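Below you'll find the structure, written out as structure tokens, and then a few comments.
The values are calculated or read from the model by the stated rules, or taken from the named source; none is laboratory data. In this text, all values refer to a predicted model and were calculated from it rather than measured experimentally. With ideal geometry, Cβ positions are generated from the backbone for all residues, glycine too; neighbour counts draw on all protein chains shown. Calculation scope for accessible area: heavy atoms of the full protein, side chains included, ligands and nucleic acids excluded. Shrake-Rupley method; radii C 1.70, N 1.55, O 1.52, S 1.80 Å.
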Amino acid sequence: MSSRACPCTPLLPALALTLVAVMGCREPATSDFRHSTDASSRAGLVALKDGVLTANEAGTVVRLERSGRVAWRAAMDREVATRPALLGDSVIAGTVGGDLVRLTLADGAVQWRLTGEPPVLTAPVADAEGKFVFLVAPDGAVRSLFTDTGKTDWERPPPGKPEPTAAPRGYPVPVLQDGLLVVALGDAGLMALATQDGAKRWQRNVQDVLGMTLWQDTLYVSTRQGHVLALRLGDGTSLWEQAPAEALSSPPSLALGTVWVGTAGEASALVGLSPSDGKEVARVTLPDPLVSEVTPVREDLLLVPTSGRQGRLIALNTATWAQAFSVRADTPLRTRPVVLGDQVIVLGLDGRVLSWRLRKTAP
């Protein structure tokens, strides 16, 4: 099915006059390219300077140029369920079957491959220098590997008795900064580990974590039970905690000086919180839940991918938080969009990579 730009069919009826008056019927986003990876995907997109990288349930890692042309495809044989880790001139991708592979970014050639590893259901993360990659196993064990060889640097055992259903879809993506690796391990809560040796630096009893994001030395955390917390990265001290809804649907994302989360329940919404004290500064009704992060474009637009069957990518005007326009992907959007200049690229649940070009605003 084709993707369609819908600037004159607003999702929020109250915004109809605003759209017509401001945008008229000019097309604010034009379809750039559509590429099918040939299988469903929930791995997300890795942003590159000249395109994106993704993977799918058929076990294929694909690098696309900004034009939509395939630079290379690499077969992994088993499903790649998470976003690969970028290491400068290479990437590390893992499969649900326990394969871990380092590929060159230039052509997808295999540099090393490990087999018989734990299933990779949580996205791996690498340090800024690209010397180490950190992995969280389904039972909560955490490992650090040398990226040049794939050999284990250190390993921390599971925090408790392993349960086969502990993380059937993986844990939230870990965050890494200032020599600390913060992991969310289900019932074990949040734990900060030293990247040097895996030693525990602090632990907080925060369960059902949807995701985490960092800004400077503050860690923002969202939970399914509707809570958003701000913690000091160094020691886990609580800075503030708010409950903007009875239930939340997305990890937090920091954009345009605001912490954003999606709400779950009968009425889906996007809620913006002040990063300093957690007080609500914005609330926008959505047609379907947000389950990933939002992405800013310039200073005037905020892109919100929705996970409904139609897969709406909604652009909000940052001056008023009113809807500027939306485009329809006809497939759920469950991962964060990538913005490269005036180009927006999204990954649909059906495995299609879709791109639009945004009309430049008048000076």
- [ ] Please provide three numbers in whole Å: the alpha-carbon extents of region 174-273 along the principal axes, with the largest listed first.
- [x] 45, 30, 19
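Using the Kirkwood formula on the Cα atoms of region 56-164, what hydrodynamic radius do you get, in angstrom to one decimal?
On the way: mean 1/r = 0.0703 Å⁻¹.
Computed over region 56-164, the radius equals 14.2 Å.
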TODO: Any chance you could tell me what percent of the C-alpha pair distances in region 280-363 go past 14 Å?
DONE: 59
Task: Long-range tail of P(r) for region 184-236 (Cα pairs > 19 Å, %) - done: 23
- [ ] Express the C-alpha Rg of region 87-228 as a ratio against the empirical globular expectation 2.2 N^0.38 Å, rounded to two decimals.
- [x] 1.03
- [ ] Go from 0 up to the bin containing the longest alpha carbon distance in region 217-363, width 5 Å each, and give me the % of pairs per bin.
- [x] 2, 10, 20, 22, 19, 14, 8, 4, 1, 0
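Note the direction-averaged projected area, equal to a quarter of the hull surface, for the Cα convex hull of region 245-316, in nm².
Values: hull surface 17.9 nm².
Seen from a random direction, the Cα hull of region 245-316 projects 4.5 nm² on average.
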- [ ] Could you compute the FRET efficiency for D235 and Q177, with r as their C-beta to C-beta distance and R0 at 22 Å, rounded to 0.05?
- [x] 0.95
TODO: Have a look at L103, A322, V221 and report the one farthest towards the positive end of the charge dipole of the chain, computed about the Cα centre with Cβ charges (Lys/Arg +1, Asp/Glu -1).
DONE: A322
Open item on the list: From the phi angles alone, apply the Karplus equation (6.51, -1.76, 1.60; θ = phi - 60°) to region 100-110 and give each ³J(HN,Hα) in whole Hz, x where the residue is Gly or Pro.
Closed with: 10, 10, 9, 10, 6, 5, 5, 9, x, 5, 6
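Note down the relative contact order for the chain as a percent, whole number, built from C-alpha pairs under 8 angstrom at least six residues apart. All intermediate terms of the calculation are to be shown ahead of the outcome.
Details: 993 pairs, mean separation 50.9, N = 363.
Computed value for the chain: 14 percent relative contact order.
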Open item on the list: I'd like the Karplus ³J(HN,Hα) series for region 295-301: coefficients 6.51, -1.76, 1.60, θ = phi - 60°, whole numbers in Hz, and an x wherever there's a Gly or Pro.
Closed with: 9, x, 10, 6, 10, 10, 9
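Could you work out [θ]222 nm for the chain from helices alone, using -39500 (n - 2.57) per DSSP H run of at least four and dividing by all its residues? Round to the nearest 500 deg cm²/dmol. Kindly include the intermediate steps, with their values, before the conclusion.
Values: 1 runs with 8 residues, N = 363.
That calculation yields -500 deg cm²/dmol at 222 nm.
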Task: Size of charge dipole - the chain - debye, nearest 20, with Cβ of Lys, Arg +1 and Asp, Glu -1, no other charges - done: 760
- [ ] Can you give me the three principal axis dimensions of region 70-114 from its C-alpha atoms, in Å, biggest first?
- [x] 25, 20, 17
TODO: Taking GluC sites (Glu not before Pro) as candidate sites, keep only those in a DSSP loop with at most 13 other Cβ atoms within 10 Å, then name the longest stretch of the chain containing none of them.
DONE: 1-128
Task: Relative contact order of region 113-251, defined on C-alpha pairs under 8 angstrom at six or more residues apart (%) - done: 13
Open item on the list: How much length would be gained if the chain were fully extended between D342 and V281, taking 0.36 nm per residue of separation minus their Cα-Cα distance, in nm to one decimal?
Closed with: 19.2 nm
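Hey, if we sort S307, S276 by accessible area with the 1.4 Å probe, largest down, what's the order? All intermediate terms of the calculation are to be shown ahead of the outcome.
On the way: S307 20, S276 90 Å².
Correct descending sequence by accessible area is S276, S307.
From the convex hull of the Cα coordinates of region 238-285, what is the mean projected area in square nanometres?
Values: hull surface 13.0 nm².
So the Cα hull casts an average projection of 3.2 nm².
Only sites in a loop by DSSP and with at most 12 other Cβ atoms within 10 Å count here; which trypsin sites (Lys or Arg not before Pro) in region 123-229 make the cut? Display every interim value, and only then the final one.
Working: sites: K131, R143, K151, R169, K200, R201, R204, R224; in loops: K131, K151, R169, R224.
Passing sites in region 123-229 are K151, R169.
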- [ ] Between N205, N56, N317, find the one with the highest GNM mean-square fluctuation for the chain; connect C-alpha pairs within less than 10 Å.
- [x] N205
Task: Quotient of Cα Rg and 2.2 N^0.38 Å for region 35-78, N being how many residues it contains - done: 1.05
Open item on the list: With a 10 Å cut-off between alpha carbons and a GNM built on the chain, which of T218, T152, T54 moves the most?
Closed with: T152
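Find, among the trypsin sites (Lys or Arg not before Pro) in region 68-101, those assigned to loop by DSSP (not H, G, I, E, B) with at most 13 other beta-carbon atoms within 10 angstrom.
Values: sites: R69, R73, R78; in loops: R69, R78.
For trypsin sites (Lys or Arg not before Pro) across region 68-101 that sit outside H, G, I, E and B with at most 13 neighbouring Cβ atoms in 10 Å, the list reads R69.
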Task: Choice from S222, S31, S249 showing the highest fluctuation, given a GNM over the chain with Cα pairs closer than 10 Å - done: S31
Task: Label-to-label distance, nm, for residues given as A243 and S31 (7 Å Cα→Cβ offset) - done: 4.6
Open item on the list: Considering all projection directions equally, how large on average is the shadow of the alpha-carbon convex hull of the chain, in square nanometres?
Closed with: 17.3
Task: Straight-distance crosslink candidates among lysines, where the alpha carbon sits under 24 Å from K200 and sequence neighbours closer than 8 are dropped - done: K131, K151, K161
